[in-house]
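In what follows, a single structure is set out as structure tokens and then discussed.
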Amino acid sequence: MTTAALTARAEPSARLLTVLRDALLPILLLAEVIFFGVAAPDFLSAANLGNVVINSADLALLAAGMTLVVLLAGIDVSVGPMLGVVAWVGATLFVAGLPPLLVVLISVLLGGVLGAVNAGLIVGGRISPIIATLGTAAVFKTILFVLWDSTDVFTGPVIPLLGPARAGGVPLVGLVVLVMFGIFAYVLRRRVFGRRLFAIGNDAEGARLLGVPVGRTSFAAYVLVGALVGVAALIYVGRVGVVQATAGQELTLPAIAAVVVGGTSILGGEGGVLRTLGGLVFIALLQNGVVLMGVPPLWNGVLVGVAVALAVAFDVLTRRSLDKRIGAQK
Amino acid sequence: ACSTVGGGGPSAAPGGGATGGTKVAFVSQVEGVPYFSAFKHGAEQTASSLGMSYTQAGPATADATEQVRIFNGLVQQGYAAIAVSPLDPRSMNPAIAAARQKGIVVITSDADAPDSQRQLFAQQATDAALGSTVMDEIAKPMGGKGKYGIVSGAADTQTFNSWVAEARKRQESAYPEMQLVGGVRYTTDTAQALKEAQDLMTANPDLKGLIAVPSTAVPGVAQAVQIAGKVGKVAVSGFGSPKTARTFVESGAMTSTVLWDVPQLGILTVWAMKQLLDGKQIPAEATVPGLPQPVKYDAATKTLVLGPPQVFTKSNIAQFDY
Amino acid sequence: MRTILSVSGLSKSFGATAALTDVGFTLAAGERLALLGENGAGKSTLIKIIAGVHRPDAGEMTLDGAAHRPSSPGDALAGGVSVVYQEPSFFPRMSVLENLFVGREPRDRLGQVDWRGMRRRGAELFERLDVPVELLNRRMDALSLAEQQLALIARAVDVDAKVLILDEPTSILTDAEVRRLFHTVRRLSEAGVGILYITHRFEELEHVADRFIVLKDGRLAGDLPASAADHDRILEMMSGRPVNATISRTVPDPGPVMLEASGITVPGVLSDAGLSVRRGEVVGLYGLVGAGRTELALTFFGMMRPSAGSMRVEGRAYAPRNPRDAMTHGIAYLPEDRKTLGIFPGMDTLSNITAVRLPALLGRLGVIRRAQERELAARWVRTLRIKAPALSFPVTGLSGGHQQKVLFARQLATEPKILILDEPTRGIDVATKTDIQQRLVEVARDGMAVLVISSDLPELLAVSDRVYVMREGRMAAELSGDDLTEDGVLRATMGVNR
Amino acid sequence: MSAEPAVRAVAPRSLRDRVSDRRVFLLVLVVALGALMSLLSPYFLQVSNLLAMTQYGAVIGLLALGQAFVILGGRGGIDLSVGSVLSLSGIFMGLLAQNLGLSPWLAAAATVVFGALLGSVNGFMIARLGLPPLIVTLSTLFLYGALAQVLTNGGQLGGFDREGFAALGQSAILGVPTQVLLVLAPMFALGIWAQNRTGFGRRLHQAGTSDRAAGLAGLDVNRLRFRLYLLSGALAALGAVVTNAWLLTARPSAGTGMELQAITIAVLGGIDIFGGRGHLSGVLLALTVVVVLSWGLQLAQVGNSVQTGILGLVLVGAALLNNLIGRKAPA
Ligand SMILES: Nc1ncnc2c1ncn2[C@@H]1O[C@H](COP(=O)(O)OP(=O)(O)OP(=O)(O)O)[C@@H](O)[C@H]1O
Ligand SMILES: Nc1ncnc2c1ncn2[C@@H]1O[C@H](COP(=O)(O)OP(=O)(O)OP(=O)(O)O)[C@@H](O)[C@H]1O
Ligand SMILES: [Mg+2]
Ligand SMILES: [Mg+2]
């Protein structure tokens, strides 16, 4: 009966189209690399790519955390200021002579605690994520300002792994980031926790009806974001070398941008952490390539804005038309 | 109900000398940065020695509208004199005019609003002096030739733009064999300055000098040079406060940093407000209590100049705590 | 027989509304109990309490001998209460397969989600229930409403439950699916599962229930064995008054053809479909789930663009680009999917009723003439006996059946020339259903052309002057007059030659 | 059937319902903050101050209004570009007034049209192409902001102090700043009226709560959304006009960071980020809260950076209290 019509649609070409759809982002990335490789001679040098990796490592971790909460149909706009607070504390403790590993531990814990504040407001206080984190973002800003007290904190990397060190030209933090993304990709696909994030992001009420511990899972996700901020803060300290009054604040928007450019739905329940990595790399290479091409400084923003819009338009529109042909969407 | 204390303009506040309650204020470009804290340090002491109370406020980020709001807040609270370091040369003008209307003494300090009704501008050093000094600082180790880059602050900060313009003028006339590459890079924070400096070095492996304009760019640019292992190969100077630049100057990543004695600018600013409040004329060369050298006053532009810029190097940087 | 679920003294109110008052009953292991009642009687509320969605204000429950006080739906589910809710709740941006196993993903020894096992179990389950296995890989929101319903039922029966609760699962399923469902239900009950089944279709009772209880205004009004089922008596128990459950139908006097379509093709969904509806007649459209009835209606309403075929309205060529177009041609459409296509959940009853009629209620500068709007809405609330405390009551606070009435009112209020209704009496209680059916016939006789899609065959036969049967996107038969019998329709549906 | 009781038009609202209305809460908050501020600073309660204070709400209020419309329109609607639209429109007006010597009034009118155009670019990509609002407006945030810088090469523009244009931003009528009396107040009045009384308002909520149902109800949802972005752009440009009249300077970074403030005010005012729910009158109250709080703290000489944190606490605290009061039994 209906099977006939259905199998007609599910012929092998559909599988091909599905593969093509999932490969769109990598294809865009490749096009970008080739373009800049030709247009800017220094772009493909190991030194330059290493710089890009190091400079985006902290952002990458924020974006990974952001992906988790966006999958939940939430958001965390406090990650930047939160990073500032943790960075200050971490740097100060390190300068004061605490053992590096202890500093790492404290930073991750502190990040987790700050994340738990967000989680408490969102899950316990039932405040919508955007309001809660807009509020805490403002509070974190003030906390950093007070802590900083007109004195910059200067320090090198807390541990070499989180600094700008390279082994054979390969930046170590890059490996840290890759491992983290690998873990999260695994968790989202193969662990029950990951599956729950998707279910909640699709329909929190429905998930609750099926016994998914919505509150506990969401709480954990926001705490996890905090813990990631904890690591990212030390990477930030390691590469910038100084903590100032507004440290980290510029990182919030790029983190969200990486998630959405990657194609994770801001409505929740669809997407993934590897897509985010793709989005992040796309933007980072774009910003770097535009500079190396010798575009006049004030024009950078214009090009970046146009390129991001075009890339997303290409990705979304192509994916949609493919989806239609695969019959995956109404 | 608001045109309060100090009303009646230059003809002195009631009981000129006995101004125990006279309130003066300074509106900085941003709140809390070491630079303006040092300014406050000098200003506060002078104010209390002159029998006045001193307040300093500034926006959390370099936001000109917010600065206007802060300025108006002070006007509302009956300050007798207000000094301001405008973030841009024009947007303060209407507010300054309104304050003058109420009989408040208004001057600019640190940055100017030349078309406004401000009564005086207390300037740290001339833009020309600052620009050429910093250019000299990188030209020296570069041997007067080769490629150099400039990492500035926000594109619409007038002060930075003037310094940069003067520096480039100096380079064109004095160091024709030097060449600016990459245009002027604009940045908003340290991390971005770091990236810009790195990209400049990547695109120009033979880059030999870098100028970091705002305090926020200084550690970023120096850090970039340090990470790239180009300490000694790329000369770095800029307008960072000694405290911000110290680590890098001492490590050699920065050749020097150029500024002026910031607490002294605070002293000069408060002193100038006091003169105006008391209705006194400022002579072409004035001696200011607390300042080692006499200061010059140009009546035509109503500009009071603190003196030549100061260069901080390895040898003297540790003595300054701002 | 062992009692598996017992409920006593249960009460629950929402604000000023007393949804349940002192309700008590028992359900034995392997027993199939039907729960009947008018719209808004409290049926859904009762099962939501058992399922741990709502906490009762008073009362006790036991499950399998132990006290049952679920603190959350998950708690109740873990205790063995599996539910298919009236308003389907699913995960739109996930695959059907993922939907089946949300909250109970199979895991391997390392605690990892076992995708292969999941796929195998899902395929087995669908095969067992005779649902196309290919659906497993589709996104849930790409399914038709009935397919979604089947997936949800599959999920519920796959749970190792002590009590299975089904809240109006058949309201949009056709005969074949319903039969399969009953088969499954019987097997489960034979395995000792207690079944609680809510329905407004009386003809199902004997197939699905051993016993039934009746709720009226939140109180228990009857508890009888199925053998004692007498429709008139049940109706009286439900409404407290004698109800006439038959509609009177005059012979149509068909006018000109109002809507005409031929050769309509939408790749993969419709092929060469066509029909015509005249003024003054009610035309029925029947077919199995997935036959393409909804798609055909959506094509008429400008929601779906056919790749071939032509349509005419009142004799003139008609090619709507969007619903607006269709509406300016005098067409109204009541969608089957009230949750995502019908209700405006954030808005009140008033604006839900007048949503389509709005343009006619605007004065100068687009200002809404509020008195007129309220008057219109109040009239429909009275006519359809919509149980709402006030016009400003949020529509989501109404019971499922009353929400459906609101949507019905919304379409009738536009006074269209052509009225297309997709499962119009879905979830509506028997007494009101009869009202609505009667009204349908009347509006047609008063000069409307009415096209009704319904999976409720008795209903379709009761209202239609003519019936088209669809199969796999094509028109399989057109029946009228003496040919229009239950048997005839079913044969055409199955593709059995006569 | 005649025995059926007539339905009431208005449901009786329980005390809890009333109190949990965000607007009641904000009103109480305004009064409480006002009282607190007058304790903190003797200057606060002066009438001249109270009226003058409102001028700081004019620009951000316009942006918040546009933001609220866009969010109400649903499907994840948001306009991150409003700050940059303000910057770029301000520069556009400067170019007309200073470089072309156009009358500032004419330039202002052209600027609003220009802002609508910038907004319609967002609208086109979001409503017509169906791209996600967040990403579209994020890229125009970069694009417009950068264009503003490029057009002036980082400098500022003027030319507004002619033909009495400055009066729009500088003067007061009966003590009320002109920009509030003649721009902000009418805009909000119009917005609130439209939301509550017109078909447009009803359509807005329909699209916001269920755009598929709205489509079936005959609404061209995409066209409506397109117009909302256009409106948001026009309002941001109006904000630029007011800024130019106020500071007599057009700066390419005039709107930097304002998008977050606008969103904050909209959500504090009770606009549901998922669309369809919330009142513009609530946004007006939220604006009042923010203005009272920051101006009061300013007068009490609380530093700006600390003000930020206090505002954040108020945002979270308000939401929290609101939820506690309105908390229903766990559904
Ligand atoms: N969340 C709620 N808020 C307010 N009132 C509610 C809520 N849920 C149900 N009610 C009210 O409780 C009463 C019983 O509703 P319920 O959904 O249990 O009816 P039902 O018997 O399932 O009806 P139907 O056959 O129409 O589905 C109705 O008057 C309804 O308006
Ligand atoms: N956009 C689409 N792309 C691909 N397939 C679709 C699309 N829309 C619907 N279908 C499929 O087309 C088939 C016909 O569905 P339709 O909703 O028309 O059935 P129906 O006859 O109305 O029955 P019912 O409404 O009872 O399910 C279904 O298998 C459905 O999943
Ligand atoms: Mg129900
Ligand atoms: Mg259908």
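The values are calculated or read from the model by the stated rules, or taken from the named source; none is laboratory data. None of the values given here were measured: they were computed from a predicted structure. As a convention, Cβ positions derive from the backbone with ideal geometry for all residues, glycine included, and neighbour counts pool all protein chains shown. SASA here: full protein model, heavy atoms, side chains in, ligands and nucleic acids out. Shrake-Rupley method; radii C 1.70, N 1.55, O 1.52, S 1.80 Å.
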Q. Rounded to the nearest 0.05, what FRET efficiency do C:E375 and C:D230 have when you use their Cβ-Cβ distance and R0 = 35 Å?
A. 0.30
(Q) How big is the dipole moment of region A:61-203 about its Cα centre under a simple scheme where the beta carbon of each Lys and Arg is +1, that of each Asp and Glu is -1, and everything else is neutral? Debye, nearest 20, please. (A) 580 debye
Q: State whether chain D is rounded, prolate or oblate according to the following rule on the C-alpha gyration tensor (a ≥ b ≥ c being the square roots of its eigenvalues): a/c under 1.5 gives rounded; otherwise a/b larger than b/c gives prolate, and the remaining case gives oblate.
A: oblate
Q) So what's the angle, to the nearest 10 degrees on a 0 to 90 scale, between helix A:129-148 and the longest Cα principal axis of chain A? A) 20 degrees
Q: Measure of size requested: the Rg and Dmax of region A:10-65, with Cα atoms as the atom set and Å as the unit; please supply both.
A: 16.2, 47
Q. Can you tell which of A:V179, A:A199, A:T246 lies farthest toward the positive end of the dipole of chain A, using +1 and -1 charges on the Cβ of basic and acidic side chains (Lys, Arg; Asp, Glu)?
A. A:A199
**Q.** Charged-residue dipole, Cβ positions (Lys, Arg, Asp, Glu), the protein assembly as shown about Cα centre, Debye nearest 20
**A.** 420 debye
Q) For q = 0.20 Å⁻¹, what log10 I(q)/I(0) does region A:1-143 give under the Debye formula with an equal point scatterer on each alpha carbon and no solvent? A) -1.15
**Q.** For region A:253-266, Karplus couplings with θ = phi - 60° (6.51, -1.76, 1.60), whole Hz, Gly/Pro x
**A.** 4, x, 5, 5, 4, 4, 5, 6, 4, x, x, 6, 5, 5
Q) Carbon and sulfur atoms: what percent of the 1.4 Å accessible area of the protein assembly as shown do they account for? A) 59 percent
(Q) If you take each beta carbon of peptide C:376-387 and count the beta carbons of other chains within 10 angstrom, what is the mean? (A) 2
Q) How would you classify region D:15-85 from its alpha-carbon gyration tensor, with a ≥ b ≥ c the square roots of the eigenvalues: rounded for a/c under 1.5, else prolate if a/b is greater than b/c, otherwise oblate? A) oblate
Q) Which entries of C:K43/C:K387; B:K243/B:K302; C:K12/C:K43 show an alpha-carbon separation above 23 angstrom in the structure shown? A) B:K243/B:K302
Q: Based on the mean of other Cβ atoms within 10 Å per residue, sort peptides C:393-399, B:310-316, A:97-103, C:423-429 so the most packed one is first.
A: C:423-429, C:393-399, B:310-316, A:97-103
Q. Cα centroid distance between region B:243-281 and region A:243-304, in Å?
A. 38 Å
Q: Highest first, please rank the peptides B:126-139, D:177-190, B:83-96, C:8-21 by the mean number of other Cβ atoms sitting within 10 Å of their residues.
A: B:83-96, B:126-139, D:177-190, C:8-21
Q: Please list the helices of chain C that count as membrane-span-like by this rule: a mean Kyte-Doolittle hydropathy of at least 0.5 together with Cα atoms stretching 15 Å or more along the helix axis, each helix being a complete DSSP H run.
A: C:145-158
Q. What number, rounded to the nearest 500 deg cm²/dmol, is the helix-based mean residue ellipticity at 222 nm of chain C, given -39500 (n - 2.57) per DSSP H run of at least four residues and division by all its residues?
A. -9000 deg cm²/dmol
Q) If you take the charge dipole of region A:46-312 about its Cα centre, with +1 on Lys and Arg Cβ and -1 on Asp and Glu Cβ, which of A:A116, A:G294, A:A165 is farthest toward its positive end? A) A:A116
Q) Which residues' amide hydrogens lie under 5 Å from the amide hydrogen of C:D210, considering only partners 5 or more residues apart or on another chain, with H built in the peptide plane? A) C:R32, C:L33, C:A34
Q: Note down the nm distance, to one decimal, between modelled labels 7 Å out along Cα→Cβ at C:F14 and at B:V231.
A: 7.1 nm
Q.
Sequence gap at least 6, Cα distance under 8 Å: using those rules, report the relative contact order of chain A to the nearest whole percent.
A. 33 percent
Q: Could you run the Debye sum over the Cα atoms of region B:244-302, one equal point scatterer each and no solvent, and tell me log10 of I(q)/I(0) at q = 0.12, 0.19, 0.22 Å⁻¹, two decimals?
A: -0.44, -0.75, -0.88
Q.
Taking a virtual spin label 7 Å from the Cα of D:N196 along the C-beta vector, which residues in region C:393-409 bring their backbone nitrogen under 17 Å of it?
A. none
(Q) Using all alpha carbons of chain B, what is the percent of pairwise distances in each 10 Å bin, ordered from the shortest bin to the longest? (A) 6, 27, 32, 20, 11, 3, 0
Q) What order do you get for C:356-368, B:185-197, D:125-137, C:170-182 when each peptide is scored by the mean count of other beta carbon atoms within 10 Å, highest first? A) B:185-197, D:125-137, C:170-182, C:356-368
Q. Hey, how many Å between the Cα centroid of region C:98-117 and the Cα centroid of region D:247-299?
A. 46 Å
Q.
Taking each residue in A:48-60, count the Cβ atoms of any other chain within 10 Å of its Cβ, then average. What number comes out?
A. 3
Q. Going by alpha carbons, how many degrees (0 to 90, nearest 10) lie between the helix axis of A:12-22 and the longest principal axis of chain A?
A. 20 degrees
Q.
Distance between the C-alpha centers of region B:79-144 and region C:295-316? Whole Å please.
A. 72 Å
Q | For region C:256-494, alpha-carbon Rg over 2.2 N^0.38 Å | A | 1.00
Q) Between the helical axis of B:64-76 and the dominant principal axis of chain B, each derived from Cα atoms, what acute angle in degrees is found, rounded to the nearest 10? A) 20 degrees
Q. What do you get when you divide the Cα radius of gyration of region C:450-498 by 2.2 N^0.38 Å, with N the number of residues?
A. 1.03
**Q.** Calculated from backbone phi, Karplus (6.51, -1.76, 1.60) coupling profile of region D:314-323 in Hz, x at Gly/Pro
**A.** 5, 4, 5, x, 4, 4, 5, 4, 4, 5
Q: Pull up all non-local amide H partners of C:Y333: gap of 5 or more, or a different chain, and H-to-H distance under 5 Å with H placed in the peptide plane.
A: C:I420
Q) Taking every pair of alpha-carbon atoms in the protein assembly as shown, what share in percent sits in each 10 Å bin, from 0 to the bin with the longest distance? A) 1, 8, 14, 19, 18, 14, 10, 8, 5, 2, 1, 0
(Q) For a quick check: with amide H placed at 1.01 Å from N, whose amide H comes under 5 Å from C:A19's, ignoring anything fewer than 5 positions away on the same chain? (A) C:K12, C:S13, C:F14
Q | Across A:K324/C:K48; B:K40/B:K208; C:K48/C:K216; C:K162/C:K405, pairs whose alpha-carbon gap is larger than 26 Å | A | A:K324/C:K48; B:K40/B:K208; C:K162/C:K405
Q.
I want to verify the translational diffusion coefficient of region D:95-134 in µm²/s; compute it with Stokes-Einstein, Rh as the Kirkwood radius over Cα pairs, at 37 °C and 0.692 mPa s.
A. 286 µm²/s
Q) With each label point set 7 Å from Cα along the Cα-Cβ vector, what nm distance links C:H183 and D:I173? A) 7.8 nm
Q. What is the magnitude of the charge dipole of region C:3-239 about its Cα centre, with +1 placed on the Cβ of each Lys and Arg, -1 on the Cβ of each Asp and Glu, and no other charges, expressed in debye to the nearest 20?
A. 760 debye
**Q.** Whole-number D in µm² s⁻¹ for region C:202-292, Kirkwood Cα-pair radius fed into Stokes-Einstein, 20 °C, 1.002 mPa s
**A.** 122 µm²/s
Q.
So if I average 1/r over every pair of distinct C-alpha atoms in region C:173-331 and take the inverse, what Kirkwood radius in Å does that give?
A. 19.7 Å
Q) Which whole-number value in Å³ per residue fits the convex hull of the alpha carbons of region C:3-239? A) 129 Å³
Q: Counting only heavy atoms of the protein chains, get the accessible area per residue of chain C (1.4 Å probe) and round it to a whole Å² value.
A: 37 Å²
Q: Please calculate the 1.4 Å probe accessible area of A:V170, with all protein chains present, and give it to the nearest 10 Å².
A: 70 Å²
Q: Using +1 at the Cβ of each Lys and Arg and -1 at the Cβ of each Asp and Glu in region D:46-315, identify which of D:L260, D:L118, D:Q301 lies farthest towards the dipole's positive end.
A: D:L118
(Q) Averaged over its residues, how many other protein chain Cβ atoms are within 10 Å of peptide D:61-71's Cβ atoms? (A) 0
Q) With no solvent and one point on each alpha carbon, what is the Debye value of log10 I(q)/I(0) for chain C at q = 0.09, 0.11, 0.12 Å⁻¹? A) -0.65, -0.98, -1.16
Q. For chain A, rounded, prolate or oblate, judged on the Cα gyration tensor with a ≥ b ≥ c (square roots of eigenvalues), a/c < 1.5 rounded, else prolate if a/b > b/c?
A. oblate
Q) Do the sum for chain A: with -39,500 (n - 2.57) for every DSSP H run of n ≥ 4, divided by all residues, what is the mean residue ellipticity at 222 nm, to the nearest 500 deg cm²/dmol? A) -24500 deg cm²/dmol
Q: Could you work out how far apart the two model spin labels at C:A319 and D:E163 are, taking each label as a point 7 Å from the Cα in the direction of the beta carbon, and quote it in nm?
A: 5.0 nm
Q: Over the alpha-carbon set of region C:120-256, work out the extent along each principal axis and list the three values in angstrom, largest first.
A: 53, 52, 24
